[in-house]
Amino acid sequence: MRIVFNRSYLCCGCKRRVASADAAIAYRGCCICSDCYGRLDRVSPKSTFEAKGIVEFVSAAFYYTEMYRSIFLEYKFWDMEMYGHIIGIALREYFSSFSELGVYDFIAPVPLSSRRMKQRGFNQTDIFAQYISQAIDVPVRHCIKRVRDEMAQSTLSAVERAVNVRKAFSCSEDLSGMKILIVDDVFTTGNTMNECAKALCQAGAEKIGGAVAAYVYRKQNLNIPLPRVMSEKYRKHTVIYHKGT
Ligand SMILES: [Zn+2]
């Protein structure tokens, strides 16, 4: 007699147990089911958004809308590390077609403060950086350091965010002439990424781009030229331009 195990996975979106055939991405006992995966708002392939300051652009795999947000918040604040791998696998899929990002010398993840690293036990951005690294074949280098523990950005207004992260990062390596892709979890105002970029440029970096898991649509991005390819839902609202066009 042959015993067949029907493996099931707990979906990080709807919290249902689903059979492996219904899991779009599975990692250990967790998955995202096909329904929930379909409800994630994806960014069109190879799209780039306007960033802030000296960061030339930011690319993102998802828009920060309801389904992504619910999974991400549990990942980040309830320490659901497995969810990070599920998002990470989705990022690897998205960025593997973005070969243009292969021109970067290395990926620099935005670091967590040591206090939050102790609380959480992992840096969510590190996990994303590893998967993006696999996708574009660019190594990860932890060259950005936090010089002080600021407050969590998510609790602050846009103006407070800008003040909060000012001079929060440093880099003590020689990065002369380097092209660096900064990886963060979510892009909201771009302040954090820009402050990291300043630290890297002070260390000699020449070109800075950004890649994030999710991009937050913001009102002030209205009325900027439309992208060439994008989802219908965001056609009226989102600012995207395409690299090299
Ligand atoms: Zn689901």
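The values are calculated or read from the model by the stated rules, or taken from the named source; none is laboratory data. The model shown is predicted, which means the values in this text are computed figures rather than measured ones. Reconstructed Cβ throughout: ideal geometry from the backbone, glycine too, with neighbour counts over all protein chains shown.
Within segment 20-32, which residues are of a type in the set (A, V, I, L, M) and either more than 10 Å from the ligand (Cβ to nearest atom) or not in a strand (DSSP E or B) (or both)?
If the condition is that a residue be of a type in the set (A, V, I, L, M) and either more than 10 Å from the ligand (Cβ to nearest atom) or not in a strand (DSSP E or B) (or both), then Ala21, Ile25, Ala26 are the ones that fit.
Could you list, in sequence order, all residues of segment 189-213 that are touching a residue at least 40 places away in the same chain (Cβ under 8 Å) and in a loop (DSSP other than H, G, I, E, B)? Steps first, please.
Within segment 189-213, the first condition is being touching a residue at least 40 places away in the same chain (Cβ under 8 Å), and the residues that meet it are 189-194, 196-201, 203, 207-213.
Those that are touching a residue at least 40 places away in the same chain (Cβ under 8 Å) and in a loop (DSSP other than H, G, I, E, B): Thr189, Gly190, Ala203.
Within segment 102-116, can you find the residues that are free of Cβ contacts under 8 Å to residues at least 40 places away in the same chain and assigned to a helix (DSSP H, G or I)?
To start, the set of residues in segment 102-116 that are free of Cβ contacts under 8 Å to residues at least 40 places away in the same chain comprises 102, 112-116.
Of everything in segment 102-116, those that are free of Cβ contacts under 8 Å to residues at least 40 places away in the same chain and assigned to a helix (DSSP H, G or I) turn out to be Gly102, Ser114, Arg115, Arg116.
Return the residues of segment 58-83 that are within 26 Å of Ile180 (Cβ to Cβ) and either assigned to a loop (DSSP other than H, G, I, E, B) or not assigned by TED's automatic domain parsing to the domain that holds Gln134 (or both); say none if nothing qualifies.
Correct list: Tyr64 only.
Specify which of the listed residues (Gln119, Gln134) is surrounded by fewer than 22 Cβ atoms within 10 Å (Cβ to Cβ), at pLDDT 95 or above and part of a helix (DSSP H, G or I). Quick ask: steps written out before the conclusion?
On the way: Gln119 fails: at pLDDT 95 or above.
Testing whether each residue is surrounded by fewer than 22 Cβ atoms within 10 Å (Cβ to Cβ), at pLDDT 95 or above and part of a helix (DSSP H, G or I) leaves just Gln134.
Hey, does segment 80-93 have a residue that's under 21 Å from Gly190 (Cβ atoms), modelled with pLDDT of 90 or more and more than 16 Å from the ligand (Cβ to nearest atom)? Can you show your working first?
Taking segment 80-93 as the starting set, the residues that turn out to be under 21 Å from Gly190 (Cβ atoms) are 87, 91.
Restricting the remaining residues to those that are modelled with pLDDT of 90 or more gives 87, 91.
Those still in the list that are more than 16 Å from the ligand (Cβ to nearest atom) too: 91.
The answer is yes, given that some residue of segment 80-93 is under 21 Å from Gly190 (Cβ atoms), modelled with pLDDT of 90 or more and more than 16 Å from the ligand (Cβ to nearest atom).
Residue by residue, here is whether (1) touching a residue at least 40 places away in the same chain (Cβ under 8 Å); (2) in a strand (DSSP E or B); (3) over 13 Å from the mean Cα position of the chain (by Cα) holds:
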residue	(1), (2), (3)
Lys15	no, no, yes
Val18	no, yes, yes
Glu56	yes, no, yes
His85	yes, no, no
Arg92	yes, no, no
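Name the residue that is farthest from the ligand (Cβ to nearest atom), counting only residues in segment 33-55 that are of a type in the set (D, E, K, R) and either farther than 19 Å from Thr189 by Cβ or crowded, with 19+ Cβ neighbours inside 10 Å (or both). Reasoning before the result, please.
Residues of segment 33-55 that are of a type in the set (D, E, K, R), as a first pass: 35, 39, 41-42, 46, 50, 52.
So of that shortlist, the ones also either farther than 19 Å from Thr189 by Cβ or crowded, with 19+ Cβ neighbours inside 10 Å (or both) come out as 35, 39, 41-42, 46.
Values: Asp35: 5, Arg39: 8, Asp41: 15, Arg42: 16, Lys46: 28 Å.
Among those that are of a type in the set (D, E, K, R) and either farther than 19 Å from Thr189 by Cβ or crowded, with 19+ Cβ neighbours inside 10 Å (or both), it is Lys46.
Answer yes if at least one residue in segment 48-57 is of a type in the set (Lys, Arg) and closer than 28 Å to Ile182 by Cα, and no otherwise.
Taking segment 48-57 first, the residues of a type in the set (Lys, Arg) are 52.
Remaining after also requiring closer than 28 Å to Ile182 by Cα: 52.
Scanning segment 48-57, I find at least one residue that is of a type in the set (Lys, Arg) and closer than 28 Å to Ile182 by Cα, so the answer is yes.
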